[in-house]
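Down below is the structure, laid out as structure tokens.
The values are calculated or read from the model by the stated rules, or taken from the named source; none is laboratory data. Keep in mind that what you see is a predicted model, and the values were worked out from it rather than measured. Methodologically, a virtual Cβ is constructed for each residue, glycine included, from the backbone with ideal geometry; neighbour enumeration extends over all protein chains shown. Keep in mind that these areas ignore ligands, DNA and RNA; they rest on the heavy atoms of the full protein, side chains included. Shrake-Rupley method; radii C 1.70, N 1.55, O 1.52, S 1.80 Å.
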Amino acid sequence: MEPKAETSHKLVFEKEGVYLHTNAKRSNQDTTIPGFIRIVERGGEPALEWSALEDEGRNAAAVFYTKKDGEGGVEDTNFDPGYEPDWAVISTVKRDRVREHPPVKETSQWSFSLPLSELYSLRRSRFSLGRNFLVFTSRGGHPLPPLHFHRGGTRELLRALQRYIILAPSPVDGRLFLAYPHGSGALSQSFDELHLFDDGSSDLVSRFIQDPYATTFGGFSKVTNFFRGALRPPDSPFHPRGPQDHHGPPSADDEPGFELITCGVELGPKPDVTRGQPLDKWEEFLDPEGRVKDPQRVKELVFRGGITPSLRKDVWKFLLGFYPWSSTVKEREDILRMKTDEYFRMKVQWKSVSEEQEMRNSLLRGYRSLIERDVSRTDRHNTFFSGNDNPGLTLLNDVLMTYCMFNFDLGYVQGMSDLLAPLLFVTQNEVESFWCLTGFMEMVHQNFEESQEAMKQQLLQLSLLMKALDPELLDYLDSQDSGSLCFCFRWLLIWFKREFSFEDILSLWEVLWTRLPCENFHLLMAASILESQRGEFIGSDHDFNTILKHINELTMKLDLQTVLRGAESNYLQLACCKELPVKVQEVIGLYVPPSPDDETSPESESHETQQLLSQSQAAATETSQSSNSTAAATARPCPIYP
């Protein structure tokens with residue numbers, strides 16, 4: 001009886017109307033193929049299988065994925081999957097000769113069978129095109145072609161998969177779920193709680209998975225405990241830290257690549273910082289041919305007080321790289337002419353796409369849909385974008401669509417419309433706003449990459465700063481499962497765009513564009529905001545959800561100048577500390593790795609740090625001189641500014 005059981009096939013799940021998307025390169029092939037998705041137990045081992053509708057009756061898959069070691073397999077190096085590199089084209093496929101399968105008869109090359117023990121992950125596509133859209137990846141790193149569920153059934157499929165595996169959310173990608181065998185200790189959560197594909201659900205997790213940027217922008221006060229687990233990286237894939245471990249010391253492997261600060265750094269007192277007046281004279285900084293004579297001085301003045309509104313249109317183009325600081329008036333005229341021609345060449349590319357062509361270009365169609373939706377809700381309170389049929393909205397749409405032509409790799413991601421709106425408002429010009437956007441995106445493009453690795457790194461760097469600046473506050477947040485600082489995600493993603501008024505954002509961004517005193521000044525801004533809420537948190541009974549709610553309710557209640565003073569004071573306080581860990585020095589730009597030809601000390605400050613703002617130095621020096629002997633023993637001289 002046992003040999004017969006080993007060769008028996010048990011159908012566990014079956015769903016018709018599942019279309020495999022080939023993105024075929026050959027014109028004589030369909031781009032989608034209707035078929036069946038099944039979970040089948042073969043000899044006691046469950047497998048996920050898809051076969052084309054035309055192959056029914058043959059009950060076999062043309063491609064079998066085997067173990068990574070390729071036990072008993074023979075490579076077929078001539079296999080051509082026919083779809084684009086977006087889906088990581090499979091270069092080799094092995095046909096299994098160990099397990100017994102029904103005979104294969106001229107089946108479709110797209111059919112597959114994947115043992116669930118070899119399933120590594122599943123993810124939902126960014127552009128579902130109105131249909132649920134899954135991509136499965138094997139442990140060998142081979143993604144299967146994407147599957148569209150035209151008649152529903154994703155929930156039922158995932159319920160069936162749960163009988164054999166656990167699906168745990170990736171800490172860095174809200175659309176990605178990793179597969180683990182039962183009993184591994186991985187996070188287990190029912191899909192009833194996840195509502196992963198319940199499009200009508202109001203659950204925050206469901207909306208985050210479908211639209212992570214828009215959902216992150218609002219509604220943090222409604223976040224669930226599962227969302228907390230999804231955003232906070234576990235200590236290991238199989239052994240997440242339990243509630244009893246919140247106060248335990250972290251392992252040295254918790255955050256590879258970051259130095260653990262296990263004891264408080266004794267900092268001197270925070271220096272007093274004063275802000276200056278906006279830059280209100282421009283011509284005096286230009287030589288007779290129009291070159292900017294002292295770009296560093298201009299940046300210092302902008303950092304200290306911003307720019308008067310009437311000069312923003314001119315100065316922003318230099319801060320964002322549209323014009324080189326050393327360019328003459330004549331050279332700038334040539335640059336504008338060249339940039340204008342280049343812009344409209346790119347604009348024509350998407351403008352000339354016919355409706356019929358666009359129907360066959362899901363990527364462009366997806367970008368257009370996202371842009372139209374975001375444009376309709378971006379800064380509509382501002383008169384430049386308010387009302388229907390507003391030409392400002394048309395310009396916003398056109399510039400974002402053209403950016404997709406400029407940067408094919410990134411395309412459009414939700415949140416980019418928030419970055420463009422102030423640029424368009426100030427320049428009042430389609431071409432100039434576009435090239436200013438490209439300069440801005442050079443600074444923040446990593447924020448919008450799908451892996452979100454840059455966002456994760458920034459949150460870790462912010463944790464390092466908080467550990468040095470206010471370890472007690474960070475310990476409290478960590479005790480409430482908030483030590484990952486995930487509630488700062490929105491701040492860092494679009495540089496506080498939703499936290500301050502529109503006019504304040506104009507002032508803030510021009511300060512940040514100077515890159516003074518360091519490129520991560522926005523992280524010092526975030527630390528300043530958190531420190532300002534210290535009294536609200538320490539000693540309170542806030543839990544994770546109420547902390548998120550409180551942070552979200554700070555929107556439009558923060559004073560920009562107070563936050564800027566706090567951020568600069570934080571920088572000066574850290575810069576004066578002799579015992580500052582190297583990793584913190586790296587975050588604030590004080591550590592320059594020595595090169596073979598350079599005998600520079602690891603603690604040497606950068607040139608831009610040395611040139612920072614004279615008004616602050618007087619106050620910082622007075623405060624430093626009045627500090628007690630203990631602080632003086634651990635302090636090093638603050639940076640000297642002209």
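Can you tell me which residues in the stretch 285-311 are assigned to a loop (DSSP other than H, G, I, E, B) and in contact with a Pro (Cβ under 7 Å, 6 or more places away or on another chain)? GLY306, THR308, listed by residue number. Among the residues of the stretch 301-314, none qualifies, meaning not one is open to solvent by less than 20 Å² (accessible area, probe 1.4 Å) and in contact with a Cys (Cβ under 9 Å, 6 or more places away or on another chain).
The residues in the stretch 496-523 that are open to solvent by 10 Å² or more (accessible area, probe 1.4 Å) and on the phi > 0 side of the Ramachandran plot can be counted, and the count is 1.
Looking at PHE425, is it buried (at least 16 other Cβ atoms within 10 Å of the Cβ), farther than 26 Å from ASN447 by Cα and in contact with a helix residue (DSSP H, G or I) (Cβ under 9 Å, 6 or more places away or on another chain)? Spelling it out, it is not the case that PHE425 is buried (at least 16 other Cβ atoms within 10 Å of the Cβ), farther than 26 Å from ASN447 by Cα and in contact with a helix residue (DSSP H, G or I) (Cβ under 9 Å, 6 or more places away or on another chain).
Considering the conditions (1) in a helix (DSSP H, G or I); (2) in contact (Cβ under 8 Å) with a residue 12 or more places away in the chain; (3) closer than 27 Å to ARG312 by Cβ, THR394 is excluded by exactly one of them, (2). Of the residues making up the stretch 570-584, those that are within 28 Å of the chain's Cα centre (by Cα) and farther than 10 Å from ALA468 by Cβ are TYR571, VAL582. Considering only the stretch 363-391, state which residues are assigned to a helix (DSSP H, G or I) and not small (Gly, Ala, Ser). LEU363, LEU364, ARG365, TYR367, ARG368, LEU370, ILE371, GLU372, ARG373, ASP374, VAL375, PRO391, listed by residue number. Which of the residues spanning the stretch 356-376 are more than 17 Å from GLN414 (Cα to Cα), without any contact (Cβ under 8 Å) to a residue 60 or more places away in the chain and out of contact with any Lys or Arg (no Cβ under 8 Å at 6 or more places or on another chain)? Those that are more than 17 Å from GLN414 (Cα to Cα), without any contact (Cβ under 8 Å) to a residue 60 or more places away in the chain and out of contact with any Lys or Arg (no Cβ under 8 Å at 6 or more places or on another chain): GLU356, GLN357, ASN361. For the stretch 328-336, the criterion of being modelled with pLDDT under 95, exposed (fewer than 15 other Cβ atoms within 10 Å of the Cβ), farther than 20 Å from VAL426 by Cβ and of a type in the set (A, V, I, L, M, F, W, C) is met by no residue. The residues of the stretch 524-542 that are surrounded by 14 or more Cβ atoms within 10 Å (Cβ to Cβ) and among the acidic types (Asp, Glu) amount to a single one, GLU531.
Only residues that are at pLDDT below 75, within 27 Å of the chain's Cα centre (by Cα) and either in a helix (DSSP H, G or I) or closer than 25 Å to LEU11 by Cβ (or both) were counted in the stretch 130-182, giving 3. Residues in the stretch 526-563 that are among the hydroxyl-bearing types (Ser, Thr, Tyr), farther than 18 Å from SER501 by Cβ and assigned to a helix (DSSP H, G or I): 1 in all.
Against the test of being within 19 Å of PHE537 (Cα to Cα), of a type outside the set (A, V, I, L, M, F, W, C) and surrounded by fewer than 23 Cβ atoms within 10 Å (Cβ to Cβ), the options GLY411, GLY483, GLY415 yield a single qualifying residue, GLY483.
Consider SER451 carefully, then state whether it is small (Gly, Ala, Ser), open to solvent by less than 40 Å² (accessible area, probe 1.4 Å) and on the phi < 0 side of the Ramachandran plot. So SER451 fails the test.
For the stretch 548-569, filtering for residues that are among the polar types (S, T, N, Q) and under 25 Å from the mean Cα position of the chain (by Cα) leaves 2.
Against the list (1) of a type outside the set (Val, Ile, Thr); (2) in contact with a Lys or Arg (Cβ under 8 Å, 6 or more places away or on another chain); (3) open to solvent by less than 10 Å² (accessible area, probe 1.4 Å), the condition ASP398 fails is (3). Filtered by the rule that a residue be more than 19 Å from the chain's Cα centre (by Cα) and open to solvent by 20 Å² or more (accessible area, probe 1.4 Å), the stretch 454-468 gives a lone residue, LYS467. As a summary of the residue check, THR562 satisfies the conditions (1) hydroxyl-bearing (Ser, Thr, Tyr); (2) open to solvent by 50 Å² or more (accessible area, probe 1.4 Å); (3) modelled with pLDDT of 90 or more; (4) more than 21 Å from PRO271 (Cα to Cα) except for the one numbered (4).
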